[in-house]
Structure formats: C-alpha cells, structure tokens
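Asks: Quick one: structure below, then a few questions.
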Amino acid sequence: MSRRILVLSAGLSQPSSTRLLADRIAQAVAAQIGGRGESAEIEVVELKDLAVDLATAMSAGGISTPKLARVKEAISTADGIIAVTPVFTASYSGLFKMFFDVLDTEALNGMPVIIAATAGTARHSLVLDYALRPLFTYLRAVVVPTGVFAATEDFGDGEAGASLAGRIRRAASEFAALVVAEQTGVDGFAQTETHARRRISGVHIDQAVTPFMTMLQGHTGNGKAR
C-alpha cells in the first residue's frame, strides 16, 4: 500500500534551511514506512508559493483560489503531514499561521503530524511545545512525541549534526508507526474511529447537509409547503 505524505515548508529564502530540514525528515519518513513493508508518496508544498492565494482567501471571506483549493484537498486526503516553519519573533511564521487559519477546522482530524522548526539559535527550540504543538492539538491532529528543531549549527557534521539526525530518525519512526497502523480490536468491544477521523477540506459542500426540501417537509406535517 502507498501512503500519501504531504510536506508543508514555510521557508522564504532560496536555498532554505527550512526546506532542507523538511526534505531530510521526508527522506527518513519514506525509509521508515518502507521498512514497514509499504511505500510513501511524498508531495512538498512551499507555502511561499501560496502567499497571494492565502491573502486573497483571508480578505475574501475564506473563498479559495483554485491553487489553494487543490492544496486543501491534498491536506484532507493525506495519510500524514510534515509541517516545518522558520521561527520569526519567537514563534511560527505569519505565512505558516495564515495557511492553517484558512483550513477547515475538521481538515486534520486524527491526522499524524511531525512538527519541525528552524532558527538561528537553539534558544528558540521551545517553540515546538509552546507554539506548534498547541496549534495542531487544537486542530485535533495526532502530533508525534518527538518534535524536530534545528538551529544553524545543527546542519553541520559534528555532534550537533548527529543529534539532529537522531531526532529526525526518532520522529520518523513514531510517525511511520501511526501512518501504517491498522485498526485493531474485536467487533462490539471497541468504538470505531470513523467519525473522529472524518476530515473536511472545506472546498466542497458537505454531502451530509440535509437538503432544504427535506427540512421543509419535516415542518409541514403532510409533506406539502404551507
């Protein structure tokens, strides 16, 4: 079975340390999923390419451009997400936050997520737990225990680089275990998770909405409008 993994990179520069970290995590995830007998289909979304589309959606009552709508669909149908942001003013970037602001609140229900961030100094490492983790918890995603933070010095070949590689492997292993996990339990003894994991992209009309005429019939008593 092939698992669809969406990588969200909020880096702005070219080349970008944020994208570099995102790619390293994606490679580790692909290896971990492969080690569990399945394959990973990786798609990378550069949020900077959606900057105009996000501004349009924010200023037009949430109406998505075709480009943004496609990404929303990809989000809600993915098997897992890797979300990586640079640290600006001690938190995630405004572009990163704008993207999640325009998602439907049901888009990430039960979604396995790796959170990651980059900054110039390790003093910002707590951003994972005081900013990113609460954001995804609010959206009811399942965030893996190990977050991945990388300061500039972590991209070297020394001890810091080895430590980063270890964090990436651990996060990828935790993530892969969630992505390929099968539902277990005996029928009748455990509640299903179907409703809890139902995701809505917000792009199309929810098919569960009761048709207007059906609602009207329920109030007339004889099925005829009065």
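The values are calculated or read from the model by the stated rules, or taken from the named source; none is laboratory data. What you see is a predicted model; the values in this text were computed from it and never measured. Quick reminder, even Gly has a Cβ in these numbers, built from the backbone with ideal geometry, and neighbours come from all protein chains shown. Side chains are part of the model used for accessible areas, which takes the heavy atoms of the whole protein and leaves out ligands, DNA and RNA. Shrake-Rupley method; radii C 1.70, N 1.55, O 1.52, S 1.80 Å.
Asks: Summing +1 for each Lys or Arg and -1 for each Asp or Glu, what net charge is found among the other residues whose Cβ lies under 15 Å from the Cβ of E46?
Replies: Working: positive: R19, K48, K67, R70; negative: D23, E43, D49, D53.
That sum, taken over residues with Cβ under 15 Å, equals 0.
Asks: In addition: Kirkwood hydrodynamic radius of the stretch 17-173 from all distinct Cα pairs, in Å? Could you put the intermediate results ahead of the total?
Replies: Values: mean 1/r = 0.0617 Å⁻¹.
Radius from the Kirkwood sum: 16.2 Å.
Asks: Determine ³J(HN,Hα), in whole Hz, for all residues of the stretch 3-17 in sequence, where each value follows from phi through the Karplus function 6.51 cos²θ - 1.76 cosθ + 1.60 and θ = phi - 60°; x replaces Gly and Pro.
Replies: Result, rounded to whole Hz: 9, 8, 10, 9, 9, 10, 10, 9, x, 10, 8, 9, x, 10, 5.
Asks: Can you work out the FRET efficiency for the pair A162 and D129, with r the C-beta to C-beta distance and R0 = 22 Å, to the nearest 0.05?
Replies: Values: r = 23 Å, r/R0 = 1.03.
The computed FRET efficiency comes out at 0.45.
Asks: While we're on this one: Quick one: which residues, 5 or more positions from S201 or on another chain, have an amide H under 5 Å from its amide H? H modelled 1.01 Å from N in the peptide plane, none for Pro or chain starts.
Replies: none
Asks: In terms of solvent-accessible area of protein heavy atoms at a 1.4 angstrom probe, what is the ranking of M98, M58, M111, highest value first? Mind dumping the intermediate values first?
Replies: Details: M98 55, M58 100, M111 0 Å².
Reading off the accessible areas and sorting them downward yields M58, M98, M111.
Asks: Moving on to the next point. Please sort 149-155, 160-166 by packing, taking for each peptide the average over its residues of neighbouring beta carbons within 10 angstrom, highest first. The partial results should precede the final answer.
Replies: Numbers: 149-155: 18.9, 160-166: 13.9.
Per-residue Cβ counts within 10 Å, averaged per peptide and sorted highest first, yield 149-155, 160-166.
Asks: Shifting gears a bit: Over the stretch 89-175, calculate the relative contact order: mean separation of alpha carbon pairs under 8 Å at least 6 apart, over the residue count, as a percent. Don't skip to the answer; put the middle values down first.
Replies: On the way: 109 pairs, mean separation 27.4, N = 87.
Once normalised by length, the contact order is 32 percent.
Asks: What does the extension gain come out to for R140 and D101, with contour length at 0.36 nm per residue minus their alpha carbon separation?
Replies: Values: separation 39, 0.36 × 39 = 14.04 nm, distance 1.41 nm.
12.6 nm is the gain from fully extending R140 to D101.
Asks: Further question: Hey, can you grab everything whose amide H is under 5 Å from the amide H of R3? Only 5+ residues off in sequence or another chain; H modelled, so Pro and N-termini drop out.
Replies: S39, A40, E41
Asks: Quick one: if the Förster radius is 22 Å, what FRET efficiency do S59 and V203 give, using the C-beta to C-beta distance and rounding to 0.05?
Replies: After rounding to 0.05, the efficiency reads 0.75.
Asks: Which residues' amide hydrogens lie under 5 Å from the amide hydrogen of V142, considering only partners 5 or more residues apart or on another chain, with H built in the peptide plane?
Replies: Sorted by chain and number, the residues that satisfy this are G110, M111, V113.
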